Amino acid sequence: MAIAASHETLTLDDQMRALGSRARAAAAVLAKASTAQKNDALLAAAASLRAQLPALLEANHQDVADARAKALDAALIDRLTIDEKRVAAMAKGLEEIAALADPVGRLDADWTRPNGLIIQRVRVPLGVIGIIYESRPNVTADAGGLCLKSGNAVILRGGSESARSSAAILACLSEGLESVGLPTAAIQSVPSQDRAAVGIMLRMDDAIDVIIPRGGKSLIERVSTESRIPVLKHLDGICHTYIHAAANLAKTRAVVVNAKMRRTGVCGATETLLIDRAVLATHLKPLLDDLITAGCAIRGDAEIQSLDSRVTAATEQDWSTEYLAPILSVRVVDGVEAAITHIGYYGSHHTEAIITEDVAAAEAFLAGIDSAIVMVNASTQFADGGEFGMGAEIGISTGKLHARGPVGVAELTSYKYLVRGNGQVRP
């Protein structure tokens, strides 16, 4: 009788290949799971998150303590930290995903050809998704829930700094799957924090259908360079807010402070403020007063700096920097077209906003900006799948193929054509 090799004797490559085989088998089961079964698993996982709150907070406390001991930067620690409110948000996100319409099997289109062939286009899961992310433990819940609802198996590779937190969240997701008889291999994590595991994962094109990286520029660049698997990615979140000549001051002050300072470490935070020369005299000082009072450092062009001694000089690099910190670059522009030109040159095609009461200016901005999300009179921090009613998101895609903007349940499906005939042959 053959004896299977123990986990300890398997090489990292063997472990990863076994992980991929289990995921592929689980994906076949999940693709045929009923909507009710998937929803019940999500609701059970949400209940488990709430029930396991003390364990989740303790695991996260250890991760945060290690991060502080390593002197990791404040933005990373903010993204790493979970508290009772954030755990509740994760659970609520799973419940909201359960409440969404199931995209799997949805009929996109159907038609009948003159020869009698009946053709339908229906939504199907992508298969197995690999998600590589850094310090956000909530991605474990969001990604697991979205992949489950969309009928995909997922292999998660979180950052080492959030290993305990992510493992505790994964245990809750596994409990949800087990409760309805779905394979726990539908949501798995890479068994090693060794960076070599990422390299192996990026070569597993026989087991993984799509890779989604979520993290800093170096991670995105590595994945884009090394992956043999199609990549759904977003680059920097260099988001802009443009204060138009017809911007209401009270509305502007509220939106700008929120867009920058609500959470400075998220990809939807405004990093550059463009202000129209027409409202410099009325809008600039109140805005800078608000931002500086809130703890934001201002880097401005020469004109902005000349108008306020609290502003330091912006360099050319500032206009293309994702600070993820309480720092904001500010530039004067002359009109909507100048704002669009600046954003087109320096932006990352993530999220941009205009503040204005002029409908024509708003429409010109919406039409002229080539970014995944374009807003009027709203904070760029609404760039989030949950805020879009998607329950959660895996990330914001800044590319143009397959999915763009928040990647939710529907964006994790593809389609196939079903063709029904009655003996037709092609002449």
Checklist entry - When residues of the stretch 303-337 are filtered for being under 21 Å from N377 (Cβ atoms) and in contact (Cβ under 8 Å) with a residue 60 or more places away in the chain, how many remain? => result 4
Checklist entry - Taking only pairs six or more apart or across chains, which ones have beta-carbon atoms under 8 Å, a first residue in the stretch 220-240 that is closer than 17 Å to I200 by Cβ, and a second residue that is acidic (D, E) and at pLDDT 90 or above? => result R228/D205; I229/D205; I229/D209
Checklist entry - Only one of S135, S166, S160, S179 is surrounded by fewer than 21 Cβ atoms within 10 Å (Cβ to Cβ), under 14 Å from G215 (Cβ atoms) and either touching a strand residue (DSSP E or B) at 6+ places or on another chain (Cβ under 7 Å) or of a type outside the set (A, V, I, L, M, F, W, C) (or both); which? => result S160
Next on the checklist: Return the residues of the stretch 299-321 that are touching a strand residue (DSSP E or B) at 6+ places or on another chain (Cβ under 6 Å), outside any helix (DSSP H, G or I) and closer than 25 Å to I340 by Cβ; say none if nothing qualifies.
Outcome noted: R299, G300, D301, V311, A314
Item to check | Flag if T272 is touching a Leu at 6+ places or on another chain (Cβ under 9 Å), assigned by TED's automatic domain parsing to the domain that holds S309, in a loop (DSSP other than H, G, I, E, B) and in contact (Cβ under 8 Å) with a residue 24 or more places away in the chain | outcome: no
Checklist entry - Any chance the stretch 143-158 includes a residue that's more than 24 Å from A25 (Cβ to Cβ) and out of contact with any Ser or Thr (no Cβ under 8 Å at 6 or more places or on another chain)? => result no
Next on the checklist: Going residue by residue through the stretch 101-108, is there one that turns out to be of a type in the set (D, E, K, R), part of a helix (DSSP H, G or I) and over 30 Å from N422 (Cβ atoms)?
Outcome noted: no
Checklist entry - So which residues in the stretch 89-120 are among the aliphatic types (A, V, I, L, M), surrounded by fewer than 15 Cβ atoms within 10 Å (Cβ to Cβ) and closer than 20 Å to C147 by Cα, if there are any at all? => result A99, A101, L107
Item to check | Qualifying position, being free of Cβ contacts under 8 Å to residues at least 40 places away in the same chain, in contact with a helix residue (DSSP H, G or I) (Cβ under 6 Å, 6 or more places away or on another chain) and not charged (D, E, K, R), among S174, S165, S135 | outcome: S174
Checklist entry - Any chance the stretch 106-121 includes a residue that's within 30 Å of L76 (Cα to Cα) and touching a residue at least 40 places away in the same chain (Cβ under 8 Å)? => result no
Next on the checklist: Under 6 Å between Cβ atoms, which residue pairs at least 6 apart in sequence (or on different chains) link something in the stretch 64-78 that is of a type in the set (D, E) with a partner that is surrounded by 12 or more Cβ atoms within 10 Å (Cβ to Cβ) and not in a helix (DSSP H, G or I)?
Outcome noted: D78/G265
Item to check | Boolean, A41 is in the same structural domain as V409 (by TED's automatic domain parsing), modelled with pLDDT of 95 or more and buried (at least 20 other Cβ atoms within 10 Å of the Cβ) | outcome: yes
Checklist outcome for this item: the stretch 172-250: strands (runs of 3 or more DSSP E) wholly inside it with 2 or more residues that are closer than 30 Å to V87 by Cβ and among the aliphatic types (A, V, I, L, M) are 210-214
Next on the checklist: Condition first: buried (at least 24 other Cβ atoms within 10 Å of the Cβ), at pLDDT 90 or above and not assigned by TED's automatic domain parsing to the domain that holds G335. Can you find one or more residues in the stretch 392-410 that meet it?
Outcome noted: yes
Next on the checklist: Please verify whether L100 is more than 30 Å from S227 (Cα to Cα) and modelled with pLDDT under 95, treating the condition exactly as stated.
Outcome noted: yes
Next on the checklist: When the residues of the stretch 253-267 are narrowed to those that are at pLDDT 95 or above and small (G, A, S), which ends up nearest to I373 (Cα to Cα)?
Outcome noted: A259
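The values are calculated or read from the model by the stated rules, or taken from the named source; none is laboratory data. Being a predicted model, the structure only gives us computed values, none of them experimental. Backbone-built Cβ (ideal geometry, glycine too); neighbour counts: all protein chains shown.
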